[in-house]
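The values are calculated or read from the model by the stated rules, or taken from the named source; none is laboratory data. Only a predicted model underlies this, so the values are computations on that prediction, with no experimental measurement involved. Cβ: placed from backbone, ideal geometry, glycine included. Neighbour counts: every protein chain shown.
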Amino acid sequence: MKPKYVIAVTGLNNTDNPGPGVPVIRSLREAASFDVRIVGLAYENLEPGIYMPDVCDKVYQIPYPSGGAEEFMERIKEIHEREHLDFIFPNFDAELYTFIISEKELSEMGIKTFLPTLNQFESRHKSVLEDFGKKHGLSVPRGMSITSYADIQKIKYNFEYPVLVKGKFYDAYLAYTEMQVSEYFNKISAKWGLPVIIQEFVRGTEVNVIATGDGSGRVIGAVPMRKQYITDKGKAWGGITVSDEKMLALTKKMFESSRWRGGMELEIIKTSDEKYFVIEINPRIPAWVYLATAAGQNMPEAIVNMAMGMVVEPFVSYDIGKMFIRYSYDLIGNLDDFAKLSITGEL
């Protein structure tokens with residue numbers, strides 16, 4: 001008989017800048033090795049995943065981790081007392097730090113996670129990505145951190161325009177002039193704080209790899225994807241799995257060297273002369289994870305099983321040419337549900 005786990009999942013925003021929560025839940029519901037009760041953890045009361053049918057069995061509103069780890073963990077304890085959580089699946093970069101430093105406390109409560117170590121998490125930040133690349137044998141575009149308008153003046157001495165202007169957690173814009181850099185600096189710093197990262201722009205095709213490691217250096221799963229349609233926020237609105245042994249070899253090399261634990265997304269630029277530049281490393285499962293599940297590698301299922309102490313063998317193949325396309329859909333709900341969540345913090 002299959003075990004049944006109560007799994008809490010964050011990242012229920014399914015907008016034009018989607019979180020991974022809904023596709024992670026879809027993957028967990030299709031797991032062959034266990035059954036699930038899904039507890040959604042929402043930061044905002046208009047996250048679409050709250051109201052989508054057959055996604056969450058119960059939803060609780062939680063405070064932003066930026067309000068303090070103590071308040072955040074107090075709310076998790078309240079939810080755990082009612083739901084008896086077996087596992088938490090965090091899906092936002094900005095919340096991972098709190099979950100990582102609280103891993104021992106969660107474990108003592110009986111709640112498992114499967115996340116990178118604090119050192120792994122900190123070492124791949126955009127501001128230090130170049131150092132990460134040198135350490136693990138990856139080609140990474142040159143970058144610099146800026147914290148003031150005075151720093152913007154220095155860009156022209158170190159880079160050729162255009163350059164990428166990135167937030168420390170999210171957002172990336174291509175700037176062709178110093179004036180555009182200033183505009184994006186204001187926009188990003190107001191939203192995500194400092195530093196803002198300037199990165200050398202590399203021309204080529206955007207390709208991504210979703211991968212999962214067991215923490216010993218083994219890659220449990222890896223699926224490369226080429227973006228077919230990109231939104232103005234730089235998000236993949238369509239993509240297709242591809243056969244690319246060089247990308248898989250690059251991923252394997254990085255996992256063996258870093259001993260990465262948990263899920264990861266490598267964002268890569270493939271140049272016309274077959275060179276691969278890692279432009280970003282996201283330390284969690286990406287929003288297009290369901291494409292990998294549909295292609296034969298259910299990584300959320302594998303992550304839960306590893307957390308539960310099971311021996312998980314690496315996936316050996318995936319379907320090439322499997323495609324995803326996102327779409328908009330008007331979900332009709334009731335004001336009563338919105339009001340209940342807003343007043344009571346649960347639905």
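The number of residues in the range 229-258 being in contact (Cβ under 8 Å) with a residue 60 or more places away in the chain and of a type in the set (D, E, K, R) comes to 3.
Restricting the range 35-57 to residues that are touching a helix residue (DSSP H, G or I) at 6+ places or on another chain (Cβ under 7 Å) and not aliphatic (A, V, I, L, M), the residue that is farthest from residue 347 (Cα to Cα) is 49. Among the small types (Gly, Ala, Ser) and either modelled with pLDDT under 95 or assigned to a helix (DSSP H, G or I) (or both): does that describe residue 189? Here the answer is yes, as residue 189 does meet what is asked.
Mind checking whether some residue in the range 156-165 is assigned to a loop (DSSP other than H, G, I, E, B), over 25 Å from the mean Cα position of the chain (by Cα), of a type in the set (Asp, Glu) and surrounded by fewer than 19 Cβ atoms within 10 Å (Cβ to Cβ)? Yes, the range 156-165 contains at least one residue that is assigned to a loop (DSSP other than H, G, I, E, B), over 25 Å from the mean Cα position of the chain (by Cα), of a type in the set (Asp, Glu) and surrounded by fewer than 19 Cβ atoms within 10 Å (Cβ to Cβ). Identify all residues within the range 195-224 that are closer than 17 Å to residue 250 by Cα and hydrophobic (A, V, I, L, M, F, W, C); write none if there are none. Result: 207, 209, 210, 211, 219, 220, 222, 223. Would you say residue 25 is out of contact with any helix residue (DSSP H, G or I) (no Cβ under 8 Å at 6 or more places or on another chain), buried (at least 18 other Cβ atoms within 10 Å of the Cβ) and at pLDDT 95 or above? In short, no.
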